[in-house]
Amino acid sequence: MTPRDGAILLGVESSCDEAACALVRDGREVLANAVASQIDLHTRYGGVVPEIASRAHVEQINAVIAEALRSAGVGPEDIFAVAVTHQPGLIGSLLVGLTAAKTLAWIWDAPLVGVNHVYAHAYAPALDGEPIDYPAVALVASGGHTALYRCKSPTDMTLLGTTIDDAAGEAFDKVASILQLGYPGGPAIDRAAKDGDPKAVNFPRTLLKGRSLDFSFSGIKTAVLYHVNGVPGVKYDHPRGLEHFSRREIRDVAASFQQAVVDVLATKIRRAVENTGAGTILLGGGVAANSALRAAAEALAKKLNCTLRCPPLKYCTDNAAMIAALGWHYLRAGRTADLHLAATATVRR
Amino acid sequence: MEQIFKTQSPAETHALGRKMAGELRRGDCLALVGCLGAGKTVFVRGLAEGLGCDAGLVSSPTYVLVQEYPTRDGLSLFHIDVYRLSEPEAELADLGLEEMLEAGVVVIEWADRVQRALPRAYLRLSIDIDGEASRRFTLTNESA
């Protein structure tokens, strides 16, 4: 089905922590982008907002949909199709958004499109921006995902590599916890690292065997832990533990850790570009907001004669605009779903 | 009864997971207890392979809370991580622990944080760091 010019898609996202709804015209122009954690639901709707995502989503999903429609000044008759995240994520959370989206598609008699959350992150650089030039290599790195793709088009993506243990963003969170820098760890490490020496500590860069494009960030987390607390079973002539680190030393550890992660990510992007001959590098996911990664990717793109595309910061984290935007391309490719569309918790990504 | 296993490398921890998979049946809950860097995810990767799951699906569930890997017997291995939950004991039930136990085997990382929300009978595997790469695994049968 070809969406008419100016077609508006309503996107719904609830794969993990965030309930979100967005309206996007022609697959790029964001008319509304409502994210539950950014709306003061507590005061507007009353009641306690529970922590666990699926129950919270039930209470928030109608509110974010109403908020998106209200803020764009758009009515149901203006919605051409409904796009929804159906994988991967927490099953109970996914089902909330999926059920809401199916209901809307049914009562509005609009086409339904199922979208993979991680693929959508790779398309986020197009939001409120120019069309993306393909072929591209996309790195999606967040708290839950670290994946590298070859993209022939928005709808034709091949997984080149993924994490075999911790996600990059998870490593940031856990190291921030070890260094007691606060949560979320990504911005906390980024801030601390700005005044630190990235060469102070030589943390391991785990590149895995051969020319693998997979990732592993579990080892560096342990290396930071051992650097701070000492290697178990080893006797030290000076006391270990975070309380014996000066603020400058902590900033140095943060900067050195960040540099090691960025080096690994940049190395894999370089290999992927060399393997595929892509002319564009796409970044997506919360880690794409990291200033050191952006700088390294910028330098790499220059060296490889590629164009780097990063999403605006608000589209790095989970949102529904990327779902509606990628959904538009699926619609054009005729990849619509019916009301039997199922949620899948775990997929290769 | 208490059983102790020692491993000297992540590869041995992985192999221990593979071996232990043979002991697990539908409805079993394996509670993992061990600090950051103990090797919990490496162990679960071995466990998943031992159950015939697609190893490519296995990664840390810290962020997504639960991963589900189909086993060769048509069941599922549910890989839960409660590290990120703010009220883990209340929230574990909301994740659907009972339904998961009916559908397969459940392994929980950071299980010491959900002690009171675990099933009546479960296996507890605590991991102690003995040295840079050596780990000591203590397996016990727990029942209320």
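Counting only residues that are away from chain A (no Cβ under 11 Å), assigned to a loop (DSSP other than H, G, I, E, B) and not hydrophobic (A, V, I, L, M, F, W, C), the stretch B:71-121 holds 6 of them.
Go through the stretch A:179-196 and report how many residues are within 23 Å of the chain's Cα centre (by Cα), open to solvent by less than 50 Å² (accessible area, probe 1.4 Å) and in contact (Cβ under 8 Å) with a residue 12 or more places away in the chain. Residues in the stretch A:179-196 being within 23 Å of the chain's Cα centre (by Cα), open to solvent by less than 50 Å² (accessible area, probe 1.4 Å) and in contact (Cβ under 8 Å) with a residue 12 or more places away in the chain: 7 in total.
Would you point out which residue out of B:Arg135, B:Arg124 is at pLDDT 95 or above and within 23 Å of B:Arg26 (Cβ to Cβ)? Spell out the reasoning first.
Values: B:Arg135 fails: within 23 Å of B:Arg26 (Cβ to Cβ).
So the residue among B:Arg135, B:Arg124 that is at pLDDT 95 or above and within 23 Å of B:Arg26 (Cβ to Cβ) is B:Arg124.
Please find, among A:Val234, A:Val261, the residue that is over 25 Å from A:Ala20 (Cβ atoms) and in a loop (DSSP other than H, G, I, E, B). Break it down into steps so the answer makes sense when it comes.
Details: A:Val261 fails: in a loop (DSSP other than H, G, I, E, B).
From the options A:Val234, A:Val261, the qualifying one is A:Val234.
Each residue in the stretch B:3-50 was checked for being away from every other protein chain (no Cβ under 12 Å), closer than 24 Å to B:Glu132 by Cβ and without any contact (Cβ under 8 Å) to a residue 12 or more places away in the chain, and 2 pass.
Would it be correct to say that A:Val253 is within 14 Å of chain B (Cβ to nearest Cβ), not in a loop (DSSP other than H, G, I, E, B) and not acidic (Asp, Glu)?
On the way: within 14 Å of chain B (Cβ to nearest Cβ): no; not in a loop (DSSP other than H, G, I, E, B): yes; not acidic (Asp, Glu): yes.
In short, no.
For A:Lys199, indicate whether it is open to solvent by 50 Å² or more (accessible area, probe 1.4 Å), more than 14 Å from chain B (Cβ to nearest Cβ) and outside any loop (DSSP other than H, G, I, E, B). So A:Lys199 does not fit the description; no.
Applying the selection to the stretch A:294-349, what residues are hydrophobic (A, V, I, L, M, F, W, C) and open to solvent by less than 10 Å² (accessible area, probe 1.4 Å)? Quick ask: steps written out before the conclusion?
Our first condition is that a residue be hydrophobic (A, V, I, L, M, F, W, C); within the stretch A:294-349, this holds for A:295-297, A:299-301, A:304, A:306, A:308, A:310, A:313, A:316, A:320-326, A:328, A:331, A:333, A:337, A:339, A:341-343, A:345, A:347.
Across the stretch A:294-349, the qualifying residues are A:Ala297, A:Ala301, A:Cys316, A:Ala320, A:Ala321, A:Met322, A:Ile323, A:Ala324, A:Ala325, A:Leu326, A:Leu331.
Kindly indicate whether B:Arg124 is assigned to a strand (DSSP E or B) and in contact (Cβ under 8 Å) with a residue 24 or more places away in the chain. Yes: the conditions hold for B:Arg124.
Looking for whichever is closer than 23 Å to A:Gln259 by Cβ, part of a strand (DSSP E or B) and more than 14 Å from every other protein chain (Cβ to nearest Cβ) here; the options are A:Leu181, A:Leu139. Which one fits? It would help to see each step written out before you state the result.
Values: A:Leu181 fails: part of a strand (DSSP E or B).
The unique qualifying residue is A:Leu139.
Total residues in the stretch A:324-345 satisfying the condition of being touching a strand residue (DSSP E or B) at 6+ places or on another chain (Cβ under 6 Å) and farther than 16 Å from A:Leu282 by Cβ: the figure is 11.
The values are calculated or read from the model by the stated rules, or taken from the named source; none is laboratory data. Here the structure is a predicted model, which is why all the values come from computation and not from measurement. So basically every Cβ, Gly included, is an ideal-geometry build from the backbone, and we count neighbours across all protein chains shown. We work out accessible area using only protein heavy atoms, side chains counted, and drop any ligands, DNA or RNA first. Shrake-Rupley method; radii C 1.70, N 1.55, O 1.52, S 1.80 Å.
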